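Following: one structure in structure tokens, then a few remarks.
The values are calculated or read from the model by the stated rules, or taken from the named source; none is laboratory data. None of these values were measured; they are calculated from a predicted model. Here the Cβ positions follow ideal geometry from the backbone for every residue, glycine too, while neighbour counts run over all protein chains shown. Each accessible area value is taken on the protein alone, full model and side chains, heavy atoms only, with ligands, DNA and RNA left out. Shrake-Rupley method; radii C 1.70, N 1.55, O 1.52, S 1.80 Å.
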Amino acid sequence: MHESDRDVVIASADAALQSSDGRLVDLVDSLLSEGVCLRGELWLSVADVDLVFAGIDVVLCSHDKIRARGERP
Amino acid sequence: MIALGWTAQGMIAPARFTMAGQPHCTTIAVAERDAATPRDRMRLQLDCARTLPAFLPLAPTLRMCLDEACDHGHRHGMSIATRLEALRGRVQISLRVLWPTEGQPAPQVEASVPTGRDWLVARASGWRGTAARRARIAGGVRDALSTWSAGPVSERHDARGLQIDTLVPSRRVSDLDTLGRALRCAPDLAGAALALSGPWPALSFASLAGAGP
């Protein structure tokens, strides 16, 4: 990873995933929801904690805790 | 088992991955403990993209079991195979542009403006200036990218900036520094912060048109 006078950082995908540089964190976060989406239910994550967005309600709980109780998220 | 995506029929992946064949494609999955978070799944998808000639990734935020992905592979195998062929030998390069922080979160207006109307007019003028500056930055990025890549481009805007992804032959990854130099020299990008990264799986080019749930 290297920089210059113009604020441009160049990083491999592996380095970007491990980086705490705000630009690379933004880049990775933008890609996380890309790819084939088969359903409307997506596990949106914040700081690597899975949340699920259902309508206008946000479930602020790890999906693992919900499923451990036998409830549907 | 958590599904990561699909590859062509008959492909062999490293031992940590599970391969399940369908008539026109192969579903790739890993143990659930290895794919607990979206970033975990993305790291594994990077491995798939590196070792397989063609790989169609599921969205890392999507937690899908192997059985469901195999079922999808059966029902939409032809679409998946077509998409895999289009992605063969190509990887994604991603460019993130963060807008200049000047004028954020809103343009500054002189406190000495005589009336509220004048303040609103000055504020609107500031917003127009911000929009014009962002348009110049976006145009400069597109120009630098278009001279480096002739591949398809995906562009997304948000409040913080702009993300542009392009699909290129795998061999172009070694030439990423050339694009970096072009971005550093581009005249319209002053004040913007840029990040250039790759190769990624074709996450922004994975859409299966007409192959819904």
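Take the residues in region B:182-201 that are in contact with a strand residue (DSSP E or B) (Cβ under 7 Å, 6 or more places away or on another chain) and more than 7 Å from every other protein chain (Cβ to nearest Cβ), then tell me which one is nearest to A:Leu32 (Cα to Cα). Out of the qualifying residues, it is B:Pro201.
Scanning for something farther than 30 Å from B:Arg134 by Cβ and in a loop (DSSP other than H, G, I, E, B), does region B:91-111 turn up at least one residue? Before the answer, list the steps.
Here is the first cut: in region B:91-111, the ones farther than 30 Å from B:Arg134 by Cβ are none.
The answer is no, given that none of the residues of region B:91-111 is farther than 30 Å from B:Arg134 by Cβ and in a loop (DSSP other than H, G, I, E, B).
If you check B:Arg123, B:Arg171, which single one turns out to be away from every other protein chain (no Cβ under 11 Å), surrounded by 13 or more Cβ atoms within 10 Å (Cβ to Cβ) and not polar (S, T, N, Q)?
Values: B:Arg171 fails: surrounded by 13 or more Cβ atoms within 10 Å (Cβ to Cβ).
Going through B:Arg123, B:Arg171 in turn, just one is away from every other protein chain (no Cβ under 11 Å), surrounded by 13 or more Cβ atoms within 10 Å (Cβ to Cβ) and not polar (S, T, N, Q): B:Arg123.
With the requirement that a residue be touching a Leu at 6+ places or on another chain (Cβ under 9 Å) and β-branched (Val, Ile, Thr), what does region B:43-81 give you? Within region B:43-81, B:Thr61, B:Ile80 qualify.
Among the residues of region B:73-85, those identified as in contact (Cβ under 8 Å) with a residue 60 or more places away in the chain and hydrophobic (A, V, I, L, M, F, W, C) are B:Ile80, B:Ala81, B:Leu84. Of the residues B:Arg134, B:Arg142, B:Arg128, only one is out of contact with any Leu (no Cβ under 7 Å at 6 or more places or on another chain), away from every other protein chain (no Cβ under 14 Å) and under 13 Å from B:Ser94 (Cα atoms); which? Being out of contact with any Leu (no Cβ under 7 Å at 6 or more places or on another chain), away from every other protein chain (no Cβ under 14 Å) and under 13 Å from B:Ser94 (Cα atoms) holds for just one of B:Arg134, B:Arg142, B:Arg128, which is B:Arg142.
Restricting attention to region B:147-159, which residues are buried (at least 16 other Cβ atoms within 10 Å of the Cβ) and not in a strand (DSSP E or B)? Outline the logic, then answer.
Of all residues in region B:147-159, those buried (at least 16 other Cβ atoms within 10 Å of the Cβ) come to B:148-149, B:151, B:153-154.
Once the filter is applied, which keeps residues that are buried (at least 16 other Cβ atoms within 10 Å of the Cβ) and not in a strand (DSSP E or B), region B:147-159 yields B:Trp148, B:Ser149, B:Gly151.
Residues in region B:1-54 that are in contact with a helix residue (DSSP H, G or I) (Cβ under 8 Å, 6 or more places away or on another chain), of a type in the set (Ser, Thr, Tyr) and open to solvent by 40 Å² or more (accessible area, probe 1.4 Å): B:Thr18 only.
Taking every residue in region B:189-203 that is within 23 Å of B:Arg39 (Cα to Cα) and pairing it with any residue that is crowded, with 24+ Cβ neighbours inside 10 Å and aromatic (Phe, Trp, Tyr), at least 6 positions away or on another chain, the pairs with Cβ-Cβ distances below 9 Å are B:Pro201/B:Phe55; B:Ala202/B:Phe55. Considering the conditions (1) open to solvent by 10 Å² or more (accessible area, probe 1.4 Å); (2) in a loop (DSSP other than H, G, I, E, B), B:Thr61 is excluded by exactly one of them, (1). Taken over region A:9-26, the criterion of being surrounded by fewer than 15 Cβ atoms within 10 Å (Cβ to Cβ) and either facing chain B (nearest Cβ under 7 Å) or under 15 Å from B:Pro199 (Cβ atoms) (or both) is satisfied by A:Asp14, A:Ala15.
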